[in-house]
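Colleague: Below are the structure tokens for one structure; questions will follow.
Where a number appears in this text, it was derived from the coordinates with a stated rule and is not lab data. The structure displayed is predicted, hence computed values, not measured ones. For neighbour counting, all protein chains shown are included, and Cβ atoms are generated from backbone atoms with ideal geometry for every residue, glycine included.
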There are 2 protein chains.
Amino acid sequence: MTRLAALFLCSALAMPALADDLRATGDLGVVVERATGSVLIVDQSEHAAIGRIEGLGDLSHASLVFSSDERFAYVFGRDGGLTKIDILTQKIVNRVVQAGNSIGGAISDDGKLVAVANYEPGGVKIFDADTLAELYHIPAEGKALGLEDAPGRRFVFSVWETGESKIVDFSGAEPKVTTLENIGAEPYDALVTDDGRTYIAGLFGEDGLSAIDLWAEVPEAKKILPHYGRGQEEMPVYKMPHLEGWAKAGDQIVLPAVHHHEVLWIDSRSLEETGRTQVHGQPVFAMARPGGRHVWVNFAHPDNDTVQVIDTMSHEIIGEMVPGPAVLHMEFTSRGTEAWVSVRDANKVVIYDTTSLQPIGEIAAESPSGIFFTARAHRLGL
Amino acid sequence: MTRLAALFLCSALAMPALADDLRATGDLGVVVERATGSVLIVDQSEHAAIGRIEGLGDLSHASLVFSSDERFAYVFGRDGGLTKIDILTQKIVNRVVQAGNSIGGAISDDGKLVAVANYEPGGVKIFDADTLAELYHIPAEGKALGLEDAPGRRFVFSVWETGESKIVDFSGAEPKVTTLENIGAEPYDALVTDDGRTYIAGLFGEDGLSAIDLWAEVPEAKKILPHYGRGQEEMPVYKMPHLEGWAKAGDQIVLPAVHHHEVLWIDSRSLEETGRTQVHGQPVFAMARPGGRHVWVNFAHPDNDTVQVIDTMSHEIIGEMVPGPAVLHMEFTSRGTEAWVSVRDANKVVIYDTTSLQPIGEIAAESPSGIFFTARAHRLGL
């Protein structure tokens with residue numbers, strides 16, 4: 001066989017494989033396997049795992065964000081590891097251990113900068129999204145957390161020890177840092193509303209939340225919901241609810257109560273409390289189905305085998321499921337027809353139809369925690 | 001060379017090509033070239049066209065929707081053609097001419113059904129999204145239009161001659177049609193709010209708009225904004241503004257006024273008018289930058305070379321650009337950092353930075369009209 005003939009044969013052999021191997025990324029997702037330092041790549045349409053990537057370090061409190069084109073995910077490990085994975089080739093593209101202990105990250109609205117919040121040493125590091133080259137270090141006098149992206153190539157984060165929030169603006173040639181002091185004692189987590197306008201930090205050291213209007217000419221922190229918090233009770237920090245699991249449902253914001261078996265309904269305009277719903281246990285995530293018709297809630301140990309569904313018009317519980325031991329996270333398909341639920345101690349992800357509330361599929365996974373679908377690439381404040 | 005050796009060589013040759021040809025779909029888009037019956041496939045990150053697909057028939061008033069995985073687009077031509085294109089292989093997958101004259105379509109929230117609104121014969125046809133096999137025909141006593149998807153595998157459309165809206169529910173074994181009579185005279189276009197809750201139809205035959213709460217147990221049409229419309233003035237129908245270009249900006253809805261050089265600000269909760277902004281010409285689209293910080297407006301002939309940008313907090317115009325003759329459409333990147341503007345008579349798409357309002361790129365296109373980015377696959381009511 002001549003070389004030309006071999007090439008001809010090759011092209012005949014390669015072409016069909018090539019077309020078949022093409023894959024769109026709009027229905028893909030990444031499931032964190034916390035115990036094994038690995039992630040599963042999943043396909044929503046197929047209700048299946050399509051690959052596993054290993055070697056990502058300590059993923060015990062891991063989260064991730066997606067590149068603008070949905071091809072890459074940036075995985076933030078608890079051990080300070082920042083790993084860029086390619087969800088199409090299902091390989092690690094790059095990995096840096098950029099700090100001793102870190103707690104989440106974000107990607108700028110233009111997709112060019114990846115930021116990581118660090119405990120040790122404190123502050124935020126900024127990386128080139130292409131190369132993972134470190135571009136900037138934004139120092140802080142303590143643990144950086146509650147790191148969120150904001151419109152206009154900005155990031156916002158808070159500092160546990162100093163009770164500050166910092167807005168870092170990368171729209172110019174050099175980063176510009178604005179520090180807001182005295183936002184409250186021991187901020188521990190934060191969210192940005194889905195319009196990118198309001199940064200809300202939860203406080204461990206006092207009741208109430210801190211809100212910053214990022215559209216204002218001169219942003220200021222103001223205290224909202226003065227009764228939100230643990231009150232006088234002692235409680236361990238690991239039971240604080242996740243604020244990124246907040247839900248905006250129509251004109252309402254839904255927040256998991258601290259320590260109490262309740263979710264709180266907040267008027268999204270006045271930011272005042274309008275009601276409470278009694279739930280099965282201490283809520284961890286209260287997440288709105290896209291569109292906001294229902295809110296799904298999961299719970300802290302020992303009630304963490306259960307998920308409840310609340311109607312946002314009546315504030316009543318309309319469904320309860322028991323997916324299994326240690327329900328850690330839930331993620332909706334982008335138009336809300338399915339909810340995927342990670343059940344850590346059953347080593348599976350259970351897929352629910354959000355209309356019938358019946359399980360319609362499941363996927364084996366090693367101690368799954370966070371589930372992240374690629375549509376997140378298109379949302380603000382994640 | 002043995003066959004085995006050839007295969008080995010093939011795999012060595014094929015692999016690199018395969019990896020390079022993989023492409024994520026999150027930053028892709030489709031630009032309608034109305035005069036030539038073709039579409040451009042564009043890459044947002046590259047600021048470039050990456051392919052052209054021809055043979056789509058009459059695209060003079062064309063729109064399209066994306067499959068859930070962002071791989072396919074369903075193009076609705078004016079001539080009744082429904083064409084399924086593969087944006088990765090850049091080929092037509094299937095094409096049916098399903099009616100004599102049609103005006104837009106939608107895809108169900110679960111991605112399984114594609115619906116097309118037809119003028120001749122009137123009504124809506126439902127197709128299998130995989131195969132384009134016709135599954136159902138929902139008849140109407142006139143021209144069907146304002147077809148939108150709604151949560152729960154539903155579609156909503158209106159009928160010009162009879163002044164009805166119809167809700168078609170495909171969540172059960174057979175479609176269930178609910179007809180709302182007397183919504184108003186001559187509905188001509190409609191929108192569904194981004195939470196999937198409210199269907200709003202514009203009326204050509206009388207002033208005001210018709211609103212339906214799709215979350216209600218028994219949906220009813222009610223009249224809102226009684227002064228919205230053309231009033232007593234005679235005007236040709238082609239100047240009616242597009243309602244799908246409506247903008248929800250924080251607590252406000254922004255609507256292009258009919259015939260007047262104004263946009264209207266509406267309280268999103270009370271649906272009452274709260275203000276007006278004088279603009280350059282008769283607005284066609286008033287579109288919110290994702291997050292709602294600004295609204296971009298384009299205009300009808302003879303003012304259609306201009307785009308204005310309005311601040312949603314102050315209601316003041318903060319920028320004006322002149323992209324060129326016949327600005328037909330605008331599309332934002334999903335987190336709002338860029339706006340892509342089609343300039344039909346300059347045969348180009350101009351890309352603006354939404355912060356500086358400066359052009360940062362352009363792409364040659366034949367008489368471009370609608371620009372559609374794949375992130376639409378993840379939104380309700382398109």
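Colleague: For n ≥ 4 DSSP H runs only, could you compute -39500 (n - 2.57) per run for chain B, divide by its residues and tell me the 222 nm figure to the nearest 500?
Modeller: Values: 1 runs with 19 residues, N = 382.
So the calculated ellipticity at 222 nm is -1500 deg cm²/dmol.
Colleague: Pull out a ≥ b ≥ c, the square roots of the eigenvalues of the alpha-carbon gyration tensor of the protein assembly as shown, then state rounded if a/c is under 1.5, prolate if not and a/b is larger than b/c, and oblate in the remaining case.
Modeller: On the way: a/c = 1.44, a/b = 1.14, b/c = 1.26.
Here the protein assembly as shown falls in the rounded category.
Colleague: Next question, about the same structure. In whole angstrom, note down how far apart the Cα centers of the range B:340-366 and the range B:169-217 are.
Modeller: Cα centres, the range B:340-366 to the range B:169-217: 34 Å.
Colleague: Can I ask one more? Shortest first and in nm with one decimal, please list how far the B:V96 label point sits from its counterparts in the other copies (point 7 Å along Cα→Cβ).
Modeller: Label point to label point, same position, other copies: 5.3 nm.
Colleague: Further question on the same structure: Straight distance only, please: which lysines reach the Cα of A:K223 with their own Cα at less than 26 Å, same-chain residues fewer than 8 apart left out?
Modeller: Counting by Cα, and skipping residues close in sequence, A:K223 has these lysines nearby: A:K143, A:K166, A:K176, A:K239, A:K248.
Colleague: Which aspartates and glutamates, if any, have their Cα less than 13 Å from the Cα of A:K91, not counting same-chain residues under 8 positions apart?
Modeller: Here the aspartates and glutamates satisfying the reach criterion relative to A:K91 are A:E54.
Colleague: Follow-up question, since we're still on this one. Suppose you put the label 7 Å out from Cα in the Cβ direction; list, shortest first and in nm with one decimal, how far A:P325 is from each other copy's label.
Modeller: Ordered by distance, the counterparts are at 7.4 nm.
Colleague: Once each part is reduced to its C-alpha centroid, what is the distance from the range A:277-333 to the range A:76-138 in angstrom?
Modeller: First find each Cα centre; the distance between them is then 31 Å.
Colleague: Now for a different question. Just how large is the dipole of the range B:102-207 about the Cα centre, in debye to the nearest 20, putting +1 at every Lys and Arg Cβ and -1 at every Asp and Glu Cβ?
Modeller: 240 debye
Colleague: OK, next. Across the range A:370-382, in residue order, what do the Karplus-derived ³J(HN,Hα) couplings come to in whole Hz, using 6.51 cos²θ - 1.76 cosθ + 1.60 with θ = phi - 60° and x for Gly and Pro?
Modeller: Values, residue by residue: x, 10, 9, 9, 5, 4, 4, 4, 9, 10, 8, x, 10 Hz.
Colleague: Let me ask something additional. For the pair B:L271/A:A133, report the inter-label distance in nm, with labels modelled 7 Å from Cα in the Cβ direction.
Modeller: Going by the 7 Å Cα→Cβ label model, 5.5 nm.
Colleague: Let me ask you something else. Working from Cα positions, state the angle (0 to 90°, nearest 10) between the long axis of helix B:3-21 and the longest principal axis of chain B.
Modeller: 30 degrees
Colleague: Next question. Taking a label point 7 Å from Cα toward Cβ, how far is A:D267 from its twins in the other copies, in nm, shortest first?
Modeller: 1.1
Colleague: Size of the range A:40-120 along its principal axes in angstrom, Cα-based, largest extent first?
Modeller: Principal axes ranked by extent give 41, 28, 19 Å for the Cα atoms.
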